[in-house]
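The values are calculated or read from the model by the stated rules, or taken from the named source; none is laboratory data. Quantities reported herein were computed from a predicted structural model and do not represent experimental measurements. Note that each Cβ is placed from the backbone with ideal geometry, even for glycine, and that neighbours are counted across all protein chains shown. What goes into the accessible areas is simple: the full protein's heavy atoms, side chains included, and nothing from ligands, DNA or RNA. Shrake-Rupley method; radii C 1.70, N 1.55, O 1.52, S 1.80 Å.
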Amino acid sequence: MDKKNGEVLLVAYSFPPSGTSAAQRPLKFVKYLSRYGWKSHVLTALGKGEPLDPALLNEIGPEVQINEVFSLSPVDLTGMLRDKEKTHSLSRILRIFLKLLIRAYSIIYYRIVLPDWHSGWIPFALIKGILIAKKKDIKLIYCHGQPPSSFLCGYLIKRFCSKPLVIDYDDPWTTAPYFRGLSPLKRKLIERLEHEILKKSDRVIFNKPVVQRGVLSKFKDIPGEKTCIITNGFDPDDYKRQDPYGRDERFTIGYTGKVSDAFCYSPESFFQALYQCIQGGILSIDKVKVIFAGTLSPRYERRFHQLIEDLQLRNVVEFRGYIPHSATIALQMHVDVLLLIIETLEGEEMTRRFAGSLPAKLFEYLGSSTPILAIVPPGLEADMVLNIGVGWVARPHDVENIRHWLMQIYTSWKAGALRREPDWREILKYNRITLTEKLAHIFEEVVSTQSGSEG
């Protein structure tokens, strides 16, 4: 294949202007694929729920074609209505009516839709994808599976157009810890769908070994040799664009990303340990600051803020909410310590099940050069932090152990000895440019294999 003429249809619901962490992976691949001879045609959905970060689109060159399609998903319909409101093209009465209509529609939609809540874009993506595949010199279809409806889009386009299909798991699908919460009928249907897509895919990529192991264990007829790992990473360009500025005089801890109760990002043990350090005189309220920047799970919001009040941390903890990605990187670079948490309110057993989930923030933390306090169970995250030499590991749910490490880190900070000497050879393995090169090689192998079989 002539590398100068390689074109890929990249199917990704999570794509800018979406500001979610899931949008970063396909964005960075698209940004750098052209270096390796691949022109991208992005297929994504209109609307998009919050948060939004339109500035991310500035990272993409003019050679990338973005195709947005309509979606019947309530969150996307709400996003499209939001965009209309900004242009003042709808009357107030019509806006109220449409919001009520979408709310009523969502009650039915969320009860029947498969495979996920965003599936309303599938029929429109299928039509648009087929047209792109017919009109352009598409060699291959790549699908980013967050959410999994992207997989179904790619699978259907493959069936109609006979193009090779590469699927990329961002998170587990039917092997996720909370998948069992669905009804038995829905579980069975979605498991069959995942199995069929896996069988028909030409290559399956995972961004973490734990998901790969789960899938291969559940679907034993899927050959391991057609699967591989490409982790998440950090983009060196993100850090070059940051202007240096002075650090806060206080000892500052930063956390970026989602804060939630049901999943694995609960800071409650950390808050308890921080409270004990302050009460014990180890830390002074006017000498420490903790910044949380990211989305807060709605059902956890009240408990989160109440805990801060109960522990008398309102003058210590600052919650900034969602901030653009560029501001997130700036925050990561200019705090003294970054906080990585894998802990759930459901207890230690459930927390251990999230070991190896490799939150995307971990790789950006590595790129920032800022030391990390990792409150994580034994597993890949703990091993990375310790082996690369970027920080310290405390046990989740163990307030005393977290308090111990907070005290040690604060003491090092006061002595001016906080900075670490990490193994940059290991960190550079997670450079987005290097990871995109791996993806490009997979594309070449898949296309070459199909060309050989056709010959």
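Values as computed for the structure displayed
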item: Segment Lys186-Leu46, extension gain: residue separation times 0.36 nm, minus the distance between their alpha carbons; result: 47.7 nm
item: Magnitude of the charge dipole, the chain, Cβ model with Lys/Arg +1 and Asp/Glu -1, debye to 20; result: 1280
item: The chain, accessible surface, carbon-and-sulfur percent (1.4 angstrom probe); result: 54
item: Cα shape, the chain, gyration tensor, a/c 1.5 rule; result: prolate
item: Peptides 230-237, 421-428 ordered by average Cβ neighbours within 10 Å, highest first; result: 230-237, 421-428
item: Computed over the chain: relative contact order in percent, which uses C-alpha pairs under 8 Å that are six or more apart; result: 14
item: The stretch 252-310 shape via C-alpha gyration tensor axes, a/c threshold 1.5; result: prolate
item: Total formal charge among the other residues, if their Cβ is under 14 angstrom from that of Ser71, Lys/Arg +1 and Asp/Glu -1; result: -1
item: Sites matching GluC sites (Glu not before Pro) across the stretch 134-222 that sit in DSSP coil, with at most 13 neighbouring C-beta atoms within 10 Å; result: none
item: The chain: calculated mean residue ellipticity at 222 nm from DSSP helix runs of at least 4, using -39500 (n - 2.57); result: -14000 deg cm²/dmol
item: Within straight-line cross-link reach of Lys86, lysines at Cα separation under 22 Å, skipping those fewer than 8 residues along the same chain; result: Lys48, Lys99
item: Furthest towards positive pole of dipole, Gly233, Val64, Ile341, structure part the chain, Cβ charges; result: Val64
item: Over 22 Å (Cα to Cα) - which of Lys39/Lys208; Lys136/Lys438; Lys240/Lys289; Lys39/Lys158; Lys39/Lys438; Lys258/Lys414 fall in this group; result: Lys39/Lys208; Lys136/Lys438; Lys240/Lys289; Lys258/Lys414
item: Förster-model FRET efficiency, 30 Å R0, Trp117 and Met407, C-beta, rounded to 0.05; result: 0.10
item: 1.4 Å probe accessible area per residue over the chain, in Å²; result: 45
item: Relative packing of 397-408, 83-94, which averages over residues the other C-beta atoms within 10 Å, highest first; result: 397-408, 83-94
item: Sorted peptide list for 266-272, 54-60, criterion being average Cβ within 10 angstrom, highest first; result: 266-272, 54-60
item: Karplus (6.51, -1.76, 1.60) ³J(HN,Hα), θ = phi - 60°, over the stretch 364-372, in Hz, Gly and Pro reported as x; result: 5, 4, 4, x, 6, 6, 8, x, 10
